[in-house]
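*Asks:* The structure's right below; bear with me while I get my questions together.
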Amino acid sequence: MSNFLLEARGIDKSYGRIQVLKNVDISIAPGEAHVVIGPNGAGKTTLFKVLSGEVFPNNGSITFAGKDVTADPGWQRVRSGIGRTFQSARIFSELTPFENMVVAVEAHERVVKGKRPLFALRPTKAVRDTAAEILEDFALTKVAKAETKSLSHGDKKRLELAMAVAGRPQLLMLDEPTAGMAPGDRQKCVELIDRLLKKGGFSLLLTEHDMAVVFGLATRISVLNYGQVIASGTPEEIRSNARVREVYLGHD
Ligand code: ATP
């Protein structure tokens, strides 16, 4: 068995006649912070969708924690331990941040107990306490009872991240976690992710355009260009890779 938590091999994905991913290989080791970079339209979001089971590849295989998950739908992959966030936060804007957290914590507790993820009208004290603790960890206590739709963009993104963490994923996938954030919020988000990583217990896969964020967090980087992985290596290897500089980093 391989030592990787996630291993995708030979992934092809087409939308109609457009081939968006071409023979993509990507491996994520336990504890790794793996960042996928590449120009707009290179296929990063599509790769995330394929790995999280939102869409299925035309060819290739995906193994997670030693199990072939290629044909598993998204909800089953969440159950297996793959959590993710999206480019624009997917949260319940009509609920408060606290209620959003209760939903996330309760869904996880029910999954752990092998129950269907339905929600109780009155969450238990344990669920409420855990929700409050995670909100505190993510500096959201002050806005816990506010209207979620009125939160700042940075707070909404942090709330979504907190909800993903509540599922205790083994692999956390973040699609442009700092997109659209003000520089101060961006820095806060990087520190938060860094703190989570240092606590340990999971691997991270993220896409990001901001090179300060990329090189601040990554232990490994893969570069996508026109749907192909053109390089994969340590941050130092990627920084000094001539092809990568030519197609991507050189444009910064
Ligand atoms: P960005 O950095 O701008 O988010 P990306 O690297 O995430 O870009 P994708 O969103 O994966 O790139 O898109 C890759 C290519 O696939 C683009 O040319 C896009 O237009 C195309 N594409 C994505 N989704 C679909 C779809 N559902 N149907 C048709 N084409 C699609």
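*Asks:* Look at Ser80 and say whether it is farther than 18 Å from Arg168 by Cβ, more than 13 Å from the ligand (Cβ to nearest atom), modelled with pLDDT under 95 and not basic (Lys, Arg).
*Replies:* no
*Asks:* State which residue is nearest to Pro30 (Cα to Cα) when the search covers only the range 138-193 and only residues that are touching a residue at least 40 places away in the same chain (Cβ under 8 Å) and of a type in the set (Lys, Arg).
*Replies:* That would be Arg168.
*Asks:* Can you find even one residue in the range 227-238 that is touching a His at 6+ places or on another chain (Cβ under 9 Å) and of a type in the set (A, V, I, L, M)?
*Replies:* No, the range 227-238 contains no residue that is touching a His at 6+ places or on another chain (Cβ under 9 Å) and of a type in the set (A, V, I, L, M).
*Asks:* Is it true that Gly41 is near the ligand (Cβ under 10 Å from one of its atoms) and either among the aromatic types (Phe, Trp, Tyr) or in a loop (DSSP other than H, G, I, E, B) (or both)?
*Replies:* yes
*Asks:* Go through (1) among the hydroxyl-bearing types (Ser, Thr, Tyr); (2) in contact (Cβ under 8 Å) with a residue 24 or more places away in the chain; (3) under 27 Å from Ile28 (Cα atoms) and name the single condition Thr70 misses.
*Replies:* It is condition (2) that Thr70 fails.
*Asks:* Turning to a different aspect of this structure: Give the residue, chosen from Thr178, Thr148, Thr234, that is among the hydroxyl-bearing types (Ser, Thr, Tyr), modelled with pLDDT of 95 or more and either closer than 28 Å to Phe98 by Cα or away from the ligand (no atom under 16 Å from the Cβ) (or both).
*Replies:* After applying the criteria, what remains is Thr234.
*Asks:* With respect to the numbered conditions (1) at pLDDT 90 or above; (2) over 16 Å from the mean Cα position of the chain (by Cα); (3) within 13 Å of the ligand (Cβ to nearest atom); (4) not aliphatic (A, V, I, L, M), which one is the sole condition not fulfilled by Thr207?
*Replies:* It is condition (2) that Thr207 fails.
*Asks:* Among the residues of the range 47-66, write down those that are within 15 Å of the ligand (Cβ to nearest atom) and either in contact (Cβ under 8 Å) with a residue 40 or more places away in the chain or surrounded by fewer than 18 Cβ atoms within 10 Å (Cβ to Cβ) (or both).
*Replies:* Leu47, Phe48, Val50, Leu51, Ser52, Glu54, Val55, Phe56, Pro57, Asn58, listed by residue number.
*Asks:* If a residue must be in a strand (DSSP E or B), over 14 Å from Val55 (Cα atoms) and either within 10 Å of the ligand (Cβ to nearest atom) or aromatic (Phe, Trp, Tyr) (or both), how many such residues does the range 1-18 contain?
*Replies:* Summing the residues that are in a strand (DSSP E or B), over 14 Å from Val55 (Cα atoms) and either within 10 Å of the ligand (Cβ to nearest atom) or aromatic (Phe, Trp, Tyr) (or both) in the range 1-18 gives 1.
The values are calculated or read from the model by the stated rules, or taken from the named source; none is laboratory data. Just so it is clear, the model here is predicted, and its values are computed rather than measured. We place every Cβ from the backbone using ideal geometry, glycine too, and count neighbours over all the protein chains shown.
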